[in-house]
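The values are calculated or read from the model by the stated rules, or taken from the named source; none is laboratory data. Every value quoted in this text rests on a predicted model; they were computed, and no experiment measured them. Here the Cβ is made from the backbone with ideal geometry for all residues, glycine too, and neighbour counts use every protein chain on show. All accessible areas refer to the heavy atoms of the entire protein, side chains included, with ligands and DNA or RNA removed. Shrake-Rupley method; radii C 1.70, N 1.55, O 1.52, S 1.80 Å.
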Amino acid sequence: MAKASNSNDTLTRVAIILGEELACNPTGIAAHTTADDVDGWDSLAHARLIMKIEEVFNVRFPGDRLFDLDCVGDLVILVDDCTRTGIIANG
Amino acid sequence: MARTIYEFAGQPDFELKSDRSHPVSMIVETPETEHADGLVFVIPGMGGERDKHYSEMIRRYIASKYNLVAVSVDAHCSTCRPNCSTEFGEVTIDIEPTSIVHALGYYVSQGGVVDVPLQNHNDVIALLRRDPSMTFKLKAMLEPPGRQYQNFGVLAALDHLTALHFLIDQGHKFDTGNVICIGSSHGGYIAHMMHKFAPNTINGIIDASAYTETVPSFIDGKWTEFDLTDGNFTYECSTTQKWQFVQPGDTTFFGPDRALIRDTAYGDHLAVIADASSKTCQFRMIHSTVDRVSSPYLKALQRDRLKARGFDVRLDVIGEADVDGKLIKSADHGMGIALNLLFDRYYPTMSRKVSKIDRERETELVFRGPKLSYALTYRQGQIHADATCSEISASEIETPAASQIAS
């Protein structure tokens, strides 16, 4: 079942994951933060981050939106969309 | 979208006359539609693109956005670099013993003190590690999983084509008239090799910085393929390979024939391809003018020769001024181009071409070299590859003109 979530809660959790994956301070992560603002957030790190977020939130993002993310806020919206619509990872 | 993993037996190494012990794996991302518009082989280079998370994202993106079956194949020796998070096993590093001894000599010559017993190479390495301010260069061989070796291109191309036949036989529903290959650097090179061996099967090639011929440092273990830094050690790495360059009579000799079959811009072989095909393959290539790994000159030559043979070819030549920080992040080899953006740029410029694929046509290709002929034939749905001594017909033996005889 999809887990109810709200954007602030999601943002906090995404920031923590981002901090762990990219070794940065999660308190400095905001909705407007972009990849350019965080050292080491390159395409490979982005892939690692997306997979980790899918795992933690137990969702599977639509393939065509995987690279269509300009900032952390877009990522949060994507997570919320997927949890709300019930796009849950298999297994 | 469904993800499926398959394993199948790879083509035997017909050049070295040996079977394969390591199976070929592939990961297939299938779109949700009943019938996909085609299939794309995502062929990464040897570097970071091979990362398993990145590969998965690229496959899912292409499958979802373009309704294509997206496939990654762990073809022969594709996994040949350490420190990548790969889906297909780990590469180990084997440090050459003589270079450890040389490093110890350097350590002593620089005033280093040997104050512990040195009973084996591990003891030496531990000693050299103690002072991080002293740096050492060590020669290392990269050992791909399953005791594979650097064949360079031929087997990897055949493995991808075998994978395609395997998927068709498994009943995957996709348009076989729209098989695309995308790759950068070595991946793009493999794509061109696939077209060389199956000119009626590959409908499009999208490459960034793909070289056109063998890179000598990749097949001669004495050269350094790339450097790997680990603390105060720099490993000068080469991938394990079986070629040699001094005994022409031996099957392991890497002579002109071995080089020419691996040359995707060789005019005589392009003529063979053009004669045997409907010339349906569309080439979309992007290359830097300052690429130090893959010659921009040879790339331009490849474009010109393909065009002269009637193929639909586009080569975007990139200079320093074209670096935009988005698609093109640098003018160096690879140009930092993400495969998803590369696909977005070029795939919409391609069209499906109606043509039977090689196994339906039972294509026969013979690529002649100075001493060997490479024959690729499609029979009963399978590829058969062989390299035998060329038979030179009487008409091909040059007869001196009468005037030359007289003189």
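What chain B shows is 43 Å² of accessible area per residue, with the surface traced by a 1.4 Å probe over protein heavy atoms. Across the range B:262-344, the volume of the C-alpha convex hull divided among the residues equals 101 Å³ per residue.
The value of relative contact order for chain B, using C-alpha pairs under 8 Å at least six residues apart, is 15 percent. With a cut-off of 12 Å on the backbone N, the residues of the range B:362-376 near the modelled label site 7 Å out from B:Cys389 along Cα-Cβ are B:371-373. For chain B, with a Gaussian network of springs between Cα atoms less than 10 Å apart, report the residue from B:Pro132, B:Pro144, B:Pro296 with the top mean-square fluctuation. Looking only at B:Pro132, B:Pro144, B:Pro296, the largest GNM fluctuation is found for B:Pro132.
Think of the protein assembly as shown as a dipole: +1 on every Lys or Arg Cβ, -1 on every Asp or Glu Cβ, centred on the Cα centre; then among A:Cys82, B:Leu68, A:Gly28, B:Leu68 lies furthest on the positive end.
The range B:168-194 to the range B:73-151: how many Å between their Cα centroids? If we compute the Cα centre of each part, the gap is 36 Å. Chain B packed on chain A takes about 1300 Å² of accessible surface away from a 1.4 Å probe, both sides summed. Inter-chain neighbour count for B:334-342: the average number of beta-carbon atoms from partner chains within 10 Å of each residue's beta-carbon is 2.
In this rough spin-label picture, where each label sits 7 Å from Cα along the Cβ direction, the B:Phe226-B:Ser99 distance is 1.5 nm. Kindly point out which whole DSSP H helices in chain B project their C-alpha atoms 15 angstrom or further along the helix axis while averaging a Kyte-Doolittle hydropathy of -1.0 or above. Both cut-offs are met by B:97-109, B:154-169, B:186-197, B:296-308.
Take the Cα of A:Thr12, step 7 Å toward its Cβ, do the same at B:Lys242, and the gap between the two points is 6.0 nm.
What does the convex hull of the Cα atoms come to per residue for chain B, in Å³?
Looking at chain B, the number lands at 193 Å³ per residue.
Counting Cβ atoms of other protein chains within 10 Å of each Cβ in A:40-51 and taking the mean gives 5.
For chain A, the longest principal axis of the alpha carbon atoms and the long axis of helix A:7-22 meet at an angle near 50°.
Peptide B:54-60 has a mean of 6 when you count, residue by residue, the C-beta atoms of other protein chains within 10 Å of its C-beta.
Which value, in debye to the nearest 20, describes the size of the charge dipole of chain B about its Cα centre when Lys and Arg Cβ atoms bear +1, Asp and Glu Cβ atoms bear -1, and nothing else is charged?
On the way: 40 positive and 52 negative charges, 142 e Å.
About 680 debye.
When the trypsin sites (Lys or Arg not before Pro) in the range B:237-323 are filtered for DSSP coil states and for at most 15 other beta-carbon atoms within 10 Å of their beta-carbon, the remaining sites are B:Arg292. Put a plus charge on the Cβ of each Lys and Arg, a minus charge on the Cβ of each Asp and Glu, and nothing anywhere else: the dipole of the protein assembly as shown about its Cα centre is then about 800 debye.
In plain terms, the chain from B:Glu364 to B:Asp19 could stretch by 121.9 nm, reckoned as 0.36 nm per residue minus the Cα-Cα distance. Computed log10 I(q)/I(0) for the range B:91-167 at 0.25 Å⁻¹: -1.17, from the Debye equation with unit scatterers placed on every C-alpha and solvent omitted.
Can you give me the angle between helix A:72-85 and the longest principal axis of chain A, using Cα atoms only, in degrees from 0 to 90, rounded to the nearest 10? Orientation of helix A:72-85: about 10 degrees from the principal axis.
Please give the contour-minus-distance gain from B:Lys371 to B:Asp304: 0.36 nm per residue of separation, less the Cα-Cα distance, rounded to one decimal in nm.
21.4 nm
Annotation for the range B:208-251 versus the range B:1-56: alpha-carbon center distance of 24 Å.
By its C-alpha gyration tensor, with a ≥ b ≥ c as the square roots of the eigenvalues, how is the protein assembly as shown shaped: rounded for a/c under 1.5, else prolate for a/b larger than b/c, else oblate? Oblate, since a/c reaches 1.5 and b/c is not below a/b. For the peptides B:320-332, A:62-74, B:152-164, the ranking by packing is B:152-164, A:62-74, B:320-332, with the highest mean count of neighbouring Cβ atoms within 10 Å listed first. In this rough spin-label picture, where each label sits 7 Å from Cα along the Cβ direction, the A:Asp36-B:Asp268 distance is 5.3 nm. Counting only protein heavy atoms and a probe of 1.4 Å, the accessible surface of chain B is 51% carbon and sulfur. Straight-line cross-link reach from B:Lys173 at under 16 Å between alpha-carbon atoms covers these aspartates and glutamates, not counting any fewer than eight positions away in the same chain: B:Glu29, B:Glu32, B:Glu34, B:Asp37. Adding -39500 (n - 2.57) for every DSSP H run of four residues or longer, then dividing by how many residues the protein assembly as shown holds, sets the calculated 222 nm ellipticity at -9500 deg cm²/dmol.
So what's the convex hull volume per residue for the Cα atoms of chain A, in Å³?
That works out to 85 Å³ per residue.
Using Cβ point charges alone (K and R +1, D and E -1), the dipole size of the range B:8-69 about the Cα centre works out to roughly 140 debye.
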